[in-house]
Every structure is written in C-alpha cells, then in structure tokens.
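Below is one structure; the comments refer to it alone.
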Amino acid sequence: MRVVELPSPLPEGAKFLHIGLPKSGTTAVQGALHDARAQLADLGVHNVSRRRNELAVGRRAVGVLEAFQTEAGKKRWPVLATDFRNSQARCTVWSSEPLSAAKPEAIANLARVLGEDLHIVITVRPIASMVRSGWQQGLRRGRTESLEEFLVGRLPEVGSDPNALRRYNLPRLAREWGAVFGEDRITFIVADRDDPLRSLRAFEALMGVPEMLKPAAETNRSLPYPEAELLRSFNQANQAQGGDPIVRGRSISTLGLVGMREVAQMAQPASIAMPRWAAERANAYVEAWLPELEATQATVAGSLEDLLVDPETFAEAPVPPSQVSIDTAGRFMEVVYDAALRYNARSVPTKSVPPPAPAVTTVPAKELVRELRRRVKRRLTR
C-alpha cells in the first residue's frame, strides 16, 4: 500500500471509474464534476454521465436493480458504455456509487464492456458514519427497523460473519477490483474530517487540472433523526396496511426522491445518534482491515486514521426522537401526497416542495403518519 497526501495525475488518455462508497461524499463529488462539466471538457476531461448521477444506469450495469426498477437504465446503459469505451479524451470519468456493490462476475463484465485499461477510485469516510447514514438511506427504500435493530444486524462481532459489512470492506474491494484491473490501479480517497474540500482536491489531482471544483448546491444530505423516524413510522404503517412495496418504491424512492432531499435540506439539523458500542464495533472492523489493506498495492490518498471515530463522543444509550417539527412534517406529507398523485398519473416528478411555513412547533410523529396514510391510501386505491 502506498499512502500519499494527494494522488498523482493519471496518464494521458486514462479512464477511471469512481465507485463510491455509499455516503462517502459521492454525491458532492458528482455535483462538483457536473457543475464544472464545460470547464473540465476544455481541459480534456470527459464526464460520461449526462446528469449529476445516473443511479439507475449504475444499478443496471452491475445487476442490483430494485424490484420496482425493472426497466430503469435499460436503454441508457449501452449508450453510456459505448461513449466511455470509445472516448478519446485526455481523461474520461464515470462516477456511479452502485458500482461498489458489484460482485466479481459483474466486475469482470464491466471490464469486457468498458475496457480493461481502467483505474478505480473509491471514496471513503469513517465506517461508523457510513453505516449510520446507511440506516436512513434504507428507510427511503422502505426499511422499518429501528437504528438499534439495524446496527445489531450490520455490526456483529468482528470475525463472526465473513459477509458482515461486505460493501464497506476495503481489503475486499482492493482484492476483487484489483483481480480484474490491477491493485496498483486502485486509489482510495479518505475524506478529511477537518477539510471538506479535500476530496475535490484529490479528484483534481487525478484528472490533472487546477483547483476548480466547488461544492455543489444539490446534496444528498441525510434526513435528520426526527424526520428519519417519521419516515420509518410511515414505512411501518404502510407495511401493516399491506402496502405494495413496488408501489411504495416507485412513488417514494423515485417520484419523491427530489422532495425528500429538499426536506432534508430545510429541516433543522439533528444527527442520527449512534450508540457507543456501535462506534467501537465499527472502529474494530477498520482496525482488523488495516493489515490486509497495507499488504495490497493500492494507493491511499489521505490519512487512514480518519476512518476511525472517537467513541467517547457517542452516547451509551441514546433515545430516539418521538416528535417532529410540524414544518418539515407538513412538507413530508406534501412530498408523499404529490408522489402518489404522480404515480397515479404515470408521470415524472417536476414539482418541488412548497416554501417554508412561518411557524415551527412539534407534534407526535404517529399522529401525522395516520393522517398521511389515510390520504395516500385513498389516492392509490382509486
């Protein structure tokens, strides 16, 4: 393993895949690349994504589509793959988080479709932070587990389950992607807890361009804890009423995606409170992986110490919130209601959530969920 402050520029004509990891700042990087598309093109960098992130295309590429996404990315994937493979640019990039979920056979297929002469870039931040954020991301896809239940399942004792935290296992990523493209062509970019722009500087270094990438206005900010619990309560109510998971997925995860992001943006910040035992367990996984990672030929840009968290900053037994702001709850209801209308109309979302209301107070989440469930059920069963 080679550890550097910033990576060296890739060679002339290089092509690289940025494959995540989930909740590692991927959306921020994609937004910055998208916003600087024209300037990067002038400098010889070709970004094959048409938008900030074509999630469905990445899922199609590695075969990890959700049940409600049977046709997603079907036409676009071969077009993007051809563009990537035939690009003659000085540097070609495709950033897609779902690629990090690829199994060995899917990685081999990517080499056949995109070409074998590729570099792999993996962004990563503290495992504890990514796992915690993964819980609320799963809520958007319909999960109903509490944070504690989720963490118990995701963070067993180190060594007790060989598949535990597979998606985040850095040595596994180096081995499986390295077996196809070469370990020496893998670069891990570790987020700097003190410098949020450091990952952008690392991408500039890889592409051989001056400092130009800026944080994008659009982010994939996690839902605050109260709003996450509201969404979980909605999922539980929907499941208890025999809701169709495909209908729910298409309406909430697809048609309501933009609105949910706006709710997260405007809500009062409230971190998802991970218990101390889970933070310690996540650190233990990192410490177990480090010797294996050090034995690879991969490059690490940044400090591996930034993959650890201080357990003392985590409460021993945090209590989940039981109330939510009326302001954001009202917008949450509008997002879900609007998604249901659009699902019925078989159209795509164009409407954003309404402007903020002047008053802010609190109301028990379950009362809001009951009213929301009644309204959405009426619309979906007409």
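The values are calculated or read from the model by the stated rules, or taken from the named source; none is laboratory data. All of these numbers come straight from a predicted model, not from anything done at the bench. Cβ coordinates were reconstructed from backbone atoms using ideal geometry, including for glycine residues, and neighbour counts include every protein chain displayed.
Things to note:
- The one condition in (1) buried (at least 19 other Cβ atoms within 10 Å of the Cβ); (2) assigned to a loop (DSSP other than H, G, I, E, B) that E157 fails to fulfil: (1)
- Count of residues meeting criterion [in contact (Cβ under 8 Å) with a residue 60 or more places away in the chain and among the hydrophobic types (A, V, I, L, M, F, W, C)] in the range 74-88: 1
- Selection over the range 285-309 of residues that are crowded, with 16+ Cβ neighbours inside 10 Å and among the small types (G, A, S) gives a count of 3.
- Total residues in the range 131-159 satisfying the condition of being within 14 Å of P275 (Cα to Cα), under 13 Å from the mean Cα position of the chain (by Cα) and not polar (S, T, N, Q): the figure is 3.
- Within this structure, A56 passes the test of being in a helix (DSSP H, G or I), free of Cβ contacts under 8 Å to residues at least 40 places away in the same chain and not polar (S, T, N, Q).
Every residue, every condition in (1) modelled with pLDDT of 95 or more; (2) polar (S, T, N, Q); (3) under 24 Å from L170 (Cα atoms), yes or no:
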| site | (1), (2), (3) |
| --- | --- |
| G73 | no, no, no |
| R76 | no, no, no |
| T82 | yes, yes, no |
| A89 | yes, no, no |
| P98 | no, no, yes |
| P104 | yes, no, yes |
| I120 | yes, no, yes |
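- Reported count of residues in the range 82-106, each being buried (at least 20 other Cβ atoms within 10 Å of the Cβ) and either more than 16 Å from Q30 (Cβ to Cβ) or not aliphatic (A, V, I, L, M) (or both), is 10.
- Within the range 201-219, the set of residues being closer than 27 Å to Q136 by Cβ and crowded, with 22+ Cβ neighbours inside 10 Å comprises A202, F203, L213.
- Residue in the range 234-254 that is farthest from P321 (Cα to Cα), counting only those that are crowded, with 22+ Cβ neighbours inside 10 Å and not basic (K, R): S251
- Leading residue by the ranking (nearest to the chain's Cα centre (by Cα)) among those in the range 255-269 that are crowded, with 16+ Cβ neighbours inside 10 Å and within 30 Å of P311 (Cβ to Cβ): A264
- Of all the criteria given as (1) crowded, with 19+ Cβ neighbours inside 10 Å; (2) at pLDDT 95 or above; (3) within 19 Å of V131 (Cα to Cα), the one not satisfied by E312 is (1).
- Enumeration of residues in the range 169-189 that are under 28 Å from A41 (Cα atoms), out of contact with any His (no Cβ under 8 Å at 6 or more places or on another chain), surrounded by fewer than 24 Cβ atoms within 10 Å (Cβ to Cβ) and of a type outside the set (G, A, S): D184
- Options P355, P349; residue that is in a loop (DSSP other than H, G, I, E, B), surrounded by 11 or more Cβ atoms within 10 Å (Cβ to Cβ) and at pLDDT below 90: P349
- Residue match in the range 172-191 (condition: in contact (Cβ under 8 Å) with a residue 24 or more places away in the chain, in a loop (DSSP other than H, G, I, E, B) and touching a helix residue (DSSP H, G or I) at 6+ places or on another chain (Cβ under 9 Å)): yes
- Spans of helices (runs of 4 or more DSSP H) in the range 196-292 with at least 1 residues at pLDDT below 85 and outside the structural domain of S133 (by TED's automatic domain parsing): 245-248, 257-266
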